[in-house]
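Working notes for the structure below.
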There are 2 protein chains.
Amino acid sequence: MRLVIANCSVDYAGRLSAHLPLATRLLMLKSDGSILVHSDGGSYKPLNWMSPPCYITFDEPDQTQTDAGITQVWKVTQKKTDDVLVVSIYDVLHDSSHELGIDPGLQKDGVEAHLQKLLAEQITLLGDGHTLVRREYMTAIGPVDILARDSGGAAVAVEIKRRGDIDGVEQLTRYLELMNRDPHLSPVQGVFAAQEIKPQARTLAQDRGIRCVVLDYDAMRGLDDSDSRLF
Amino acid sequence: MRLVIANCSVDYAGRLSAHLPLATRLLMLKSDGSILVHSDGGSYKPLNWMSPPCYITFDEPDQTQTDAGITQVWKVTQKKTDDVLVVSIYDVLHDSSHELGIDPGLQKDGVEAHLQKLLAEQITLLGDGHTLVRREYMTAIGPVDILARDSGGAAVAVEIKRRGDIDGVEQLTRYLELMNRDPHLSPVQGVFAAQEIKPQARTLAQDRGIRCVVLDYDAMRGLDDSDSRLF
DNA sequence: TATTAGATCTCGCGC
DNA sequence: GCGCGAGGTCTAATA
């Protein structure tokens, strides 16, 4: 990876046309040929960029460009889409290269998966007499985290989140609507289980007849056999 | 902006939980407190990040962490959402800071806006005798891209997309339903106009009596006066 | 390989 | 402030 801090202007032409006026920016060149142009603010999205696979050429400026103060011209092209990004560099304030190697990549959902496993083992946290049917119960629109039955044998669908937000309630609502059409399951009671449930999510859930259960991760972990073996 | 190349592991907990195993990465700290963790590949999206507004603290590792080889612990928190990002740093390979100043920002010319302008100017692409009523015709649920009248004076509502997908047909359907309740407009004919129309979208549109028109962007641009002045 | 639905979406506009 | 629509969306999973 090469990092360059430079005064530059940038032009992009492809699915749209865009221009960045002269200013100081970070140019990040990745080893796959891609390039990112970042300012010192905003979110994770660069001001401009070119996605791989693409090719970059480092050209000398022509006379007109030299007269304007341009010292280097980088041209990045993506052959498939005919996109082109041109970086016109005036002054280079920093330039360094680094070997990073390939990244092992992001592991998602560690805590949520663990919560699901623990709640399946401690299913009576949902209420006395509850029994587990199965985890990741499959429906046409995706798996419900946990399917259980209450003391009376009625179906209970559980959606588990680390943080209970409105979109989680919406997700559970979609599952419930579908499952309640199945005569083998209906009526299905919904349970929204999370370490923390936002007031808006709780209100929405209650409005839809969905029960909210706050999970104590540390307490659940303390009761878990496989965890206690670690100590 | 501060750029750090370091061996590090990263943990995020917020709307989801995620973990990055130990590897060499770029840590970009922006002046608004936000942080981006980039690898030497992939797209413009960082492996992990924290969006502003957020606060960062640089802590000393505890004994357990020190024994594991951790030399610094960065904790980035977003107060509003309770998100937290923890960067555990082992070795620092590069560390530099740079003044970038505020960026003038990106100037862009979107394709959809341009398509709308061009179609308004070349409204007879919808059929002989068509006349423009107005662009961005306002309804209670949002603006219809173009309102026109056909050769017989009947209202025509046009939804323009770069890529014609099912959701675009749904959007137009909602507008038509509303507009057809207005005695001044009814009956309103629907036209779904796009550079490319997906087969499923076309089928749905036809099923609902909505006409499909494929737009040739380059041809339309070639006919446009303001563009031809450039040559 | 193409299509579809989700995203820690982001970004911008209108209210 | 929130909600909605668009994005050079991107990205992963699936047919």
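Pull up all non-local amide H partners of B:His94: gap of 5 or more, or a different chain, and H-to-H distance under 5 Å with H placed in the peptide plane.
Answer set, sorted by chain and number: B:Ile5.
A drop of at least 40 square angstrom in accessible area, chain alone versus all protein chains together, probe 1.4 Å. Which residues of the stretch A:65-111 meet that?
A:His94, A:His98, A:Leu100, A:Asp103, A:Pro104, A:Leu106, A:Gln107
Among B:Asp145, B:Asp62, what's the order by accessible area (1.4 angstrom probe), most exposed first? Before the final figure, lay out each step's value.
On the way: B:Asp145 15, B:Asp62 80 Å².
Largest accessible area first, the list is B:Asp62, B:Asp145.
Could you report the accessible area of A:Lys117 in Å², rounded to 10, computed with a 1.4 Å probe on the protein chains as they sit in the structure?
The accessible area comes out at roughly 70 Å².
Residue by residue through the stretch B:60-70, what is 3J(HN,Hα) from phi via Karplus (6.51 cos²θ - 1.76 cosθ + 1.60, θ = phi - 60°)? Round to whole Hz and write x for glycine and proline.
Each residue's phi maps through the Karplus curve to give 7, x, 7, 4, 4, 5, 4, 4, 7, x, 7 Hz.
Report the accessible area of B:Glu60, computed with a 1.4 Å probe over the heavy atoms of all protein chains in place, in Å² rounded to the nearest 10.
Solvent-accessible area, nearest 10 Å²: 150 Å².
Using the Cα centre of the stretch A:2-97 as origin and beta-carbon charges of +1 (Lys, Arg) and -1 (Asp, Glu), tell me which of A:Val86, A:Ala13, A:Thr66 is placed farthest towards the positive end of the dipole.
A:Ala13
Provide the buried accessible surface between chains B and A in square angstrom, both chains summed, 1.4 Å probe, rounded to the nearest 100. Display every interim value, and only then the final one.
Details: alone 13950 and 13900 Å², together 23360 Å².
That pair of chains buries around 4500 Å² in total.
Send over a whole-number figure in Å² for the accessible area per residue of the protein assembly as shown, probe 1.4 Å. Working shown, then result.
Numbers: 23360 Å² over 462 residues.
With the other protein chains kept in place, the protein assembly as shown gives 51 Å² per residue.
Where the centroid of each part is defined by its Cα atoms, how far is the stretch B:1-57 from the stretch A:140-165 in Å?
That distance is 34 Å.
At R0 = 56 Å, how high is the FRET efficiency between B:Ile166 and B:Gln63 if r is their beta carbon distance? Nearest 0.05 is fine.
Result of the calculation: an efficiency of 0.45.
Shape verdict for the protein assembly as shown, please, from the Cα gyration tensor: rounded (a/c under 1.5), prolate (a/b greater than b/c) or oblate. All intermediate terms of the calculation are to be shown ahead of the outcome.
Working: a/c = 2.75, a/b = 1.10, b/c = 2.49.
Cα axes put the protein assembly as shown in the oblate bin.
Would you mind telling me the share, in percent, of accessible area of the stretch A:2-97 contributed by carbon and sulfur at probe 1.4 angstrom? All intermediate terms of the calculation are to be shown ahead of the outcome.
Details: 2220 of 4320 Å².
With neighbouring chains kept in place, the figure for the stretch A:2-97 is 51 percent.
When the helix-only estimate is applied to chain B (DSSP H runs of n ≥ 4, each -39,500 (n - 2.57), divided by the residue count), what is the mean residue ellipticity at 222 nm, nearest 500 deg cm²/dmol? All intermediate terms of the calculation are to be shown ahead of the outcome.
Numbers: 6 runs with 51 residues, N = 231.
Per the formula, -6000 deg cm²/dmol.
Give the accessible area for A:Ser186 in Å² (nearest 10); use a 1.4 Å probe, count only protein heavy atoms, and leave out ligands, DNA and RNA.
Rounded to the nearest 10, the figure is 50 Å².
The values are calculated or read from the model by the stated rules, or taken from the named source; none is laboratory data. Here the structure is a predicted model, which means the values were calculated and not measured. We place every Cβ from the backbone using ideal geometry, glycine too, and count neighbours over all the protein chains shown. For accessibility, only protein heavy atoms count, side chains too; no ligands or nucleic acids. Shrake-Rupley method; radii C 1.70, N 1.55, O 1.52, S 1.80 Å.
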